[in-house]
Structures are given as C-alpha cells and as structure tokens.
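The structure under discussion appears below in the form of structure tokens.
The values are calculated or read from the model by the stated rules, or taken from the named source; none is laboratory data. If you're wondering where the values come from, they're calculated on a predicted model, not measured in any experiment. Note that each Cβ is placed from the backbone with ideal geometry, even for glycine, and that neighbours are counted across all protein chains shown. SASA here: full protein model, heavy atoms, side chains in, ligands and nucleic acids out. Shrake-Rupley method; radii C 1.70, N 1.55, O 1.52, S 1.80 Å.
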Amino acid sequence: MRLVTDLFDPEPVRWGLRGDPWVWRAMCEQLTGLALPPSVGEVERLLKATFDRVVSCNLATETAPWVYREEFAHGGMSSGSVHLEMWRAELLPTLVDRARGKLDG
C-alpha cells in the first residue's frame, strides 16, 4: 500500500524560511498511516487542507508572503516564519509531482 507520507521523503534541500521544514514534518506526521488517494487532484486537495490546518492559514486566500507561527520557532533569524510563496511555488508542487509519479508509475 502506498502512503501519503511516502511523498515527504526525501525532504527538499531548499526551503523558504526556517519554519518551512517544521511545517513539512508536521504535515507528514498529520498524514501518518493514510493511504495515497487514487487521483492527483485528491492528493492535492488533501495536501492543501493539511497545510491550512497545520499552519492555521488558508494558502489560497492569504495575501501575505509569509506568516509567523510560534510552534515552528526553533531558533534562528526567521525562526517560526513560514514562507507561503515557497509553499505555493515549490514545496506543495513537489509533493504533488511525487504523487503523480507514484500514481502514474
């Protein structure tokens, strides 16, 4: 059985801000044990909903380029900051592309 958490490994080498890896890991944890949905569209909806829940922010409607979340603050200059533009442009698309590869393959 393919799991949604399979999409999260390996982690990206590039992040937007210091909170991003913590969001990545929190999303993976939230999705533990969940089977990969049968379509890319369903995977994308699930990932966006999980992001929105984990970050307490609607990625589709939030206009700020980044948000601060105390729970993702673990030290460093941009600690706790989640780069929404990076999630829209690279991180979520990476997960969706990985799902596409697993569903098509």
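Brief remarks follow.
- Scope the range 1-13; condition among the aliphatic types (A, V, I, L, M) and open to solvent by 100 Å² or more (accessible area, probe 1.4 Å); matching residues: MET1, VAL13
- Selection count where residues are in contact (Cβ under 8 Å) with a residue 40 or more places away in the chain and open to solvent by 50 Å² or more (accessible area, probe 1.4 Å), scope the range 79-93: 2
- Restricting the range 14-29 to residues that are aliphatic (A, V, I, L, M) and at pLDDT 95 or above, the residue that is surrounded by the fewest Cβ atoms within 10 Å (Cβ to Cβ): ALA26
- Any chance THR32 is farther than 19 Å from ARG100 by Cβ, loosely packed, with under 12 Cβ neighbours inside 10 Å and touching a residue at least 12 places away in the same chain (Cβ under 8 Å): yes
- Of the residues making up the range 36-57, not one is in contact with a strand residue (DSSP E or B) (Cβ under 9 Å, 6 or more places away or on another chain), in contact (Cβ under 8 Å) with a residue 40 or more places away in the chain and open to solvent by 70 Å² or more (accessible area, probe 1.4 Å).
- Unmet criterion (only one of (1) over 21 Å from ASP9 (Cβ atoms); (2) in contact with a helix residue (DSSP H, G or I) (Cβ under 9 Å, 6 or more places away or on another chain); (3) open to solvent by 80 Å² or more (accessible area, probe 1.4 Å); (4) at pLDDT below 95) for ASP104: (1)
- The range 63-78 - residue that is modelled with pLDDT under 95 and over 17 Å from the mean Cα position of the chain (by Cα) and, of those, least open to solvent (accessible area, probe 1.4 Å): SER78
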